[in-house]
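First comes the structure, then the notes that go with it.
The values are calculated or read from the model by the stated rules, or taken from the named source; none is laboratory data. Treat the numbers as computed from the prediction; the structure is a model and nothing was measured. Positions of Cβ are generated from backbone atoms using ideal geometry, with glycine treated the same way; all protein chains shown enter the neighbour counts.
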Amino acid sequence: MKIVFMATPQFAIPSLDALFKSEHKVVAVVTGEDKPRGRGQDVSFTPIKNVALEYGIECLQPTSLKNQDFIAKLKLYDADVFVIVAFKILPKEVYSIPKYGSINAHTSLLPKYRGAAPINRAIMNGETETGITTFFLQDSVDTGEIILQQKVEIPRNMDAGLLHDLLASKAGVTILDSLSLIEKIGDKLKLFKQNPDEVTNAPKIFKSDCKINWNQNFEKLYNYIRGLSPRPTAWTINNNIVYKIFRIADNKIPFESQKNIPGTIKSENGKLFAASNECWCEILEIQKEGKNRMSAAEFLRGNTFSEGEIFS
């Protein structure tokens with residue numbers, strides 16, 4: 001089948017690789033605009049554009065998905081299907097162009113975790129499984145009829161970065177399996193409607209959402225911190241300095257005698273601890289504002305906290 005692939009971030013690269021190496025033909029890639037990045041503000045291509053150029057695939061970078069010249073060009077490709085991975089919301093005028101419609105690969109088991117941050121939110125909520133869902137686009141975001149789902153387990157030691165990479169590697173296979181079904185069965189393909197009673201949302205995460213509330217039990221803190229690691233990263237404040245917390249040990253350490261104020265800081269024997277509302281949490285990786293990410297042991301070689309100091 002002839003495919004137009006629409007994506008921007010690193011996550012989508014394994015999917016483009018899988019499509020390019022398959023029996024299908026990627027006739028074009030649609031991606032985000034080039035942007036100035038870094039201190040020098042040098043113009044940088046999107047991760048997907050870099051790969052598309054390596055493969056010799058034509059790249060489109062519209063300023064608006066409703067631009068009529070862009071839409072007219074899309075129609076000229078005469079694509080059988082558009083494949084979307086981590087891209088913008090498409091207008092109906094675009095997603096209805098191909099013969100078989102447009103399919104999206106979403107990083108959750110829909111209808112759970114509709115929205116912009118399904119990977120982070122699943123871990124933050126302590127889920128033990130998630131997956132990839134392919135579905136046909138329709139007007140409302142992440143609501144289309146489901147083609148396939150592939151489940152993956154979320155181990156307790158997995159953070160959002162590791163889950164991101166795992167799902168990226170699974171997405172391409174799920175897309176290819178979905179395309180095979182569409183090609184073989186066409187209009188008679190059995191689709192699955194999403195159950196409205198099972199819908200949960202995964203809204204975009206803002207910096208304010210990442211501030212650690214130490215007045216929680218250990219389980220909530222453990223899932224919260226790994227669900228935001230390595231990006232956008234949980235953070236806390238001490239003496240007007242921001243500290244990013246990337247990892248804490250999966251180990252509830254009892255208070256010695258009396259309950260401590262949540263956020264109380266303690267360091268001993270080269271280890272760094274912060275109090276939850278029920279126990280000590282051992283911080284394993286931390287980054288002080290303006291410094292590099294490092295282990296707690298390395299951090300304590302150059303930083304100290306006075307007795308009674310608190311993360312807030």
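Laid out as a table, the results:
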| item | result |
| --- | --- |
| Every residue from the range 255-295 that is over 25 Å from the mean Cα position of the chain (by Cα), farther than 20 Å from Asn223 by Cβ, assigned to a loop (DSSP other than H, G, I, E, B) and touching a residue at least 24 places away in the same chain (Cβ under 8 Å) | Phe255, Ile261, Gly270 |
| Residue check, Lys99 in the same structural domain as Ser180 (by TED's automatic domain parsing), exposed (fewer than 15 other Cβ atoms within 10 Å of the Cβ) and part of a strand (DSSP E or B) | no |
| Options Arg226, Arg247, Arg231: the member that is in contact (Cβ under 8 Å) with a residue 24 or more places away in the chain and assigned to a strand (DSSP E or B) | Arg247 |
| Some residue of the range 296-312 being out of contact with any strand residue (DSSP E or B) (no Cβ under 6 Å at 6 or more places or on another chain) and in a strand (DSSP E or B) | no |
| Cβ pairs under 6 Å, 6+ apart, first in the range 111-133 and within 11 Å of Ile205 (Cα to Cα), second part of a strand (DSSP E or B) | Gly115/Asn201 |
| Checking Lys151 against (1) assigned to a loop (DSSP other than H, G, I, E, B); (2) in contact with a Leu (Cβ under 7 Å, 6 or more places away or on another chain); (3) of a type in the set (Lys, Arg), the condition it does not meet | (1) |
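Condition check ((1) surrounded by 23 or more Cβ atoms within 10 Å (Cβ to Cβ); (2) farther than 25 Å from Asn251 by Cβ; (3) more than 13 Å from the chain's Cα centre (by Cα)) across all residues:
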{"site": "Ala117", "(1), (2), (3)": "no, yes, no"}
{"site": "Thr128", "(1), (2), (3)": "no, no, yes"}
{"site": "Leu137", "(1), (2), (3)": "no, yes, yes"}
{"site": "Ser140", "(1), (2), (3)": "no, yes, yes"}
{"site": "Glu145", "(1), (2), (3)": "no, yes, yes"}
{"site": "Gln150", "(1), (2), (3)": "no, yes, yes"}
{"site": "Gly161", "(1), (2), (3)": "no, no, no"}
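For every residue, the table says whether it meets (1) of a type in the set (Val, Ile, Thr); (2) closer than 27 Å to Asn104 by Cβ; (3) surrounded by 12 or more Cβ atoms within 10 Å (Cβ to Cβ); (4) touching a strand residue (DSSP E or B) at 6+ places or on another chain (Cβ under 9 Å).
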site: Phe192; (1), (2), (3), (4): no, yes, yes, yes
site: Pro196; (1), (2), (3), (4): no, yes, no, no
site: Ala202; (1), (2), (3), (4): no, yes, yes, yes
site: Ser208; (1), (2), (3), (4): no, no, no, no
site: Ile212; (1), (2), (3), (4): yes, no, yes, yes
site: Phe218; (1), (2), (3), (4): no, no, yes, yes
